[in-house]
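S.K.: Quick one: this structure, given as structure tokens, is what I'll be asking you about.
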Amino acid sequence: MSNKIEQKEDLAFGKTNYMIMIAGVVLVIIGFILMSGGGSDDPNVFSEEIFSFRRWTLAPVVVVLGYIAVFVAIMKKTKDHNQE
């Protein structure tokens, strides 16, 4: 039983930190997926779809929010129950 407690203390972050970090990474991935596409099938034809709201505004905001979430997860202090 005490072996599990010792392993838990060796982790760099708490469960909340890891959950926030995973959410941030997922946001970054979603942002890059939102940025993709918009090209033309014919290289001689220019597609205005590359300048859509989704690619120029929404996707970068989602990526930045993801990076902020990862930063918060790293900087958030974990609660140490052993110290009083």
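S.K.: In whole Hz, with x marking every Gly and Pro, tabulate ³J(HN,Hα) for the range 12-22 from phi via Karplus 6.51 cos²θ - 1.76 cosθ + 1.60, θ = phi - 60°.
M.R.: Taking θ as phi minus 60°, the curve returns 6, 10, x, 4, 4, 4, 5, 5, 5, 5, 5 Hz for the range 12-22.
S.K.: Still on this structure: Please give the contour-minus-distance gain from THR78 to LEU65: 0.36 nm per residue of separation, less the Cα-Cα distance, rounded to one decimal in nm.
M.R.: Contour length minus the Cα-Cα distance gives 2.5 nm.
S.K.: Here is a follow-up. Assuming R0 = 35 Å, can you tell me the calculated FRET efficiency for the pair GLU49 and ALA12, based on Cβ-Cβ distance, to the nearest 0.05?
M.R.: Once rounded, the FRET efficiency stands at 0.20.
FYI, it's all coordinate maths here, none of it is from the lab. Please read these numbers as outputs of a predicted model, since none were measured by experiment. We place every Cβ from the backbone using ideal geometry, glycine too, and count neighbours over all the protein chains shown.
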